[in-house]
Structures are given as C-alpha cells and as structure tokens.
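Heads up, the thing below is written out as structure tokens.
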Amino acid sequence: MIRHLPLCLLTAATLSWSQEPAPTVPSVALTPEQVANVRKQLTDLEAEIQRQRGGNLSQIIARLSAAAGSDAAALKFYEECQQLVNVERKDLDAEQTRQREAQQERELKRRSEENEKTDGEFGTALRMQLQYLILTLQADDEAKPEVIAPKLQAYIQELVAAAPSLKGRSWAYLNSPLGQNNVFVSALQLRPFLDAKNWSNNPGDIGAMYKMTLLPYYEAKDKDSLPAQWDAQLAAQASLMQGVLPEPEYELWRQTDAPQLQWLRAEDLFARGPNPLQAMADMLKVIRDHPAHPDSQQWLTQLRTMVEAAAGSDTPPGS
C-alpha cells in the first residue's frame with residue numbers, strides 16, 4: 001500500500017529544504033600557471049560559443065527571411081511550425097495525429113474564409129510577425145543602436161502600410177509579445193534570444209518601440225531631433241489605429257488615446273527635449289484643445305505645479 005505524507009509535512013519539508021543555506025564553494029589553491037591555463041580555456045570556449053551562436057542565428061534568420069518573403073510563404077511556414085510543435089514533438093498516436101491535423105486544416109480554412117474586412121489577412125500578420133522576429137534576433141545579437149534603429153523605423157513604415165490588412169483576429173495575433181507560446185519561437189527554440197536590451201518584443205506596439213529603442217537612441221545622437229521623432233511616432237500610431245480598428249473604435253481612440261499621447265509627448269520633451277518652454281506651451285495646448293478629456297483636470301494640476309516650481313526657481317526652464 002502506498003502511503004502519502006500529509007500536505008503539511010510535505011510543505012514543512014519543502015520549506016526546510018529551501019531555507020537551508022547554499023553550500024559553500026570549497027577553496028581551491030591554484031598555481032599562477034593553472035589560473036592562466038583555465039582562464040585561457042574559458043576565453044577560448046567563450047569565443048567558440050559566440051562563433052557557433054552567430055552561425056546558428058545566421059541560419060535561423062535566413063530561414064525566417066525566406067518565410068517572410070510573402071504572405072503565402074509565411075502561411076506555409078506557420079503550418080510547418082504548427083505540425084512540428086503540436087504533432088511531431090508530442091509523440092501523438094495515429095488517431096491523435098489525424099485529429100490534430102484535421103483541427104489545423106479546419107482552423108486554416110476558417111481563417112481563409114473569414115471576411116477580410118473584419119478579420120484581416122492572417123498571412124499578412126504572420127509575415128509582419130516574422131519580420132519583427134528577425135529584427136528582435138538581430139537586436140539581441142548586434143546590440144548596436146545605429147544598426148538596428150533604421151531597420152526598426154523601416155519596419156514601422158511597413159507595418160503602417162499593412163494596417164488595412166490587419167484587422168480583428170489578424171491584428172490581435174500580431175499585437176502580442178513574442179514568447180514561448182509563439183509557434184515560430186517554440187518551433188525554432190528561440191526563447192533564449194529574445195532578451196535584447198532596450199527592445200520591445202511586441203510586433204504591434206509602436207509606442208513601446210519608440211519609448212524603448214528609438215527615442216533613447218535619438219536623444220543620445222541628436223537631442224534636437226526628439227520633437228520630430230515624437231511627431232513621427234504619433235503619426236504612425238494614428239495611421240496604424242485608423243487602419244486596424246473599426247471606425248467607431250478608431251473615433252474613440254482619437255478622442256481618448258490620441259490626446260494622452262500628445263500629453264506624453266509634451267511631458268517627455270519638457271524633461272529631456274531641446275526646448276522645455278515650448279513643451280510647456282504644448283501642454284497648455286493639449287488642455288485647451290481637449291477640456292472634456294477625462295485626464296484634463298489632472299493635466300491642469302500637473303502643469304500648474306510645474307509653472308509654480310518654475311516661478312520659484314532662479315533658473316527658468318530651458319536656460
């Protein structure tokens with residue numbers, strides 16, 4: 001007869017184990033020659049790891065680039081990855097495999113028959129997601145803002161151009177972070193390569209792309225260009241939302257979200273832009289243009305506080 005420990009005892013045992021101090025690393029005396037030898041081996045191993053990592057990434061990026069060449073190629077690659085992740089790796093029996101394949105066929109047929117006016121083109125969403133996945137891998141591998149920033153801006157332009165084809169389910173699929181649940185990431189085991197610094201993993205979040213990557217890059221490169229970069233961001237977000245949202249939802253976005261973005265622009269430019277006085281004037285304009293906005297009173301209070309702080313300072317903003 002199998003005997004089970006009471007849950008409280010299991011919990012206590014687990015807590016006791018987790019609370020034990022970590023074992024100390026034994027002290028090992030190495031001669032200078034041994035230290036130099038181990039250090040050299042570690043350096044050589046690190047170089048080999050980086051070499052193989054770069055080679056693997058190059059092959060993966062080439063494969064993704066081919067799949068991102070067209071909507072049809074992206075759909076075909078999606079089917080292959082679904083088959084690999086949901087059938088081959090799960091070691092299903094013949095009946096389970098048949099059922100899974102039939103389910104995938106029904107899903108693809110449903111997507112192809114959906115009204116493009118309401119649910120967009122799934123192949124376009126997949127193609128854009130693949131393009132952004134490539135950029136994400138390059139950002140993690142290169143870590144050079146001057147290399148990745150222009151590529152990211154080109155992607156944003158293409159994303160905006162594709163907006164009319166990205167609606168409903170297609171937009172919802174694209175506008176979600178890349179992670180282990182993504183079929184491309186899972187099929188190619190890419191999760192360890194998705195940790196680039198100052199980078200958003202969401203292929204549809206233009207705001208995060210600017211906030212995490214583009215604005216910091218241009219602040220360091222040319223602070224005077226920040227207002228123009230903010231204008232480019234707001235224009236891209238507005239065009240994208242107009243393309244992907246139904247007209248009533250876009251109108252709500254225009255009345256609520258767009259003024260919030262304008263305020264964030266002025267607030268950010270006040271903090272790190274080239275002309276804080278102009279930024280305060282922009283804040284005043286946002287309040288004047290949108291007095292009925294839910295955040296208008298909060299904006300008013302914030303701007304008044306900033307003005308009073310400037311009035312009590314010997315150094316005016318921007319000087």
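No lab work stands behind these numbers, since they all come straight from the coordinates. None of these values were measured; they are calculated from a predicted model. Here the Cβ positions follow ideal geometry from the backbone for every residue, glycine too, while neighbour counts run over all protein chains shown.
Could you tell me how far the Cα centroid of the range 270-296 sits from the Cα centroid of the range 191-256, in Å?
Centre-to-centre (Cα) distance: 19 Å.
Return the long-range amide H neighbours of residue 178 (sequence gap of 5 or more, or a different chain), with a cut-off of under 5 Å between placed amide H atoms.
Under 5 Å from the amide H of residue 178 lie the amide H atoms of 202, each far enough along the sequence or on another chain.
Taking the alpha-carbon distance from residue 76 and a cut-off under 18 Å, which lysines remain once sequence neighbours fewer than 8 residues away in the same chain are dropped?
Straight-line reach from residue 76, under 18 Å: 109.
Among the listed pairs 144/223; 151/221; 167/211; 144/221; 151/197, which have their C-alpha atoms separated by more than 21 angstrom in this model?
In this structure, 167/211 exceed 21 Å between Cα atoms.
Can you list the HN-Hα couplings for the range 284-292, worked out from phi with the Karplus curve (6.51, -1.76, 1.60; θ = phi - 60°), rounded to whole Hz and with x for Gly and Pro?
Using θ = phi - 60°, the values come out as 4, 5, 4, 5, 5, 6, 9, x, 8 Hz.
Relative contact order for the range 194-319: what is it in percent, counting Cα pairs under 8 Å that are at least 6 residues apart?
In percent, rounded to a whole number, it is 17.
Could you give the nm distance between label points at residue 308 and residue 29, where each point is 7 Å from its Cα heading toward the beta carbon?
7.0 nm
Would you mind computing, in nm to one decimal, how far apart the modelled labels at residue 63 and residue 222 are, each placed 7 Å from Cα along Cα→Cβ?
For residue 63 paired with residue 222, the spin-label model returns 4.0 nm.
In nm, what is the difference between 0.36 nm times the number of residues separating residue 256 and residue 161 and their Cα-Cα distance?
Stretched fully, the residue 256-residue 161 segment lengthens by 31.8 nm.
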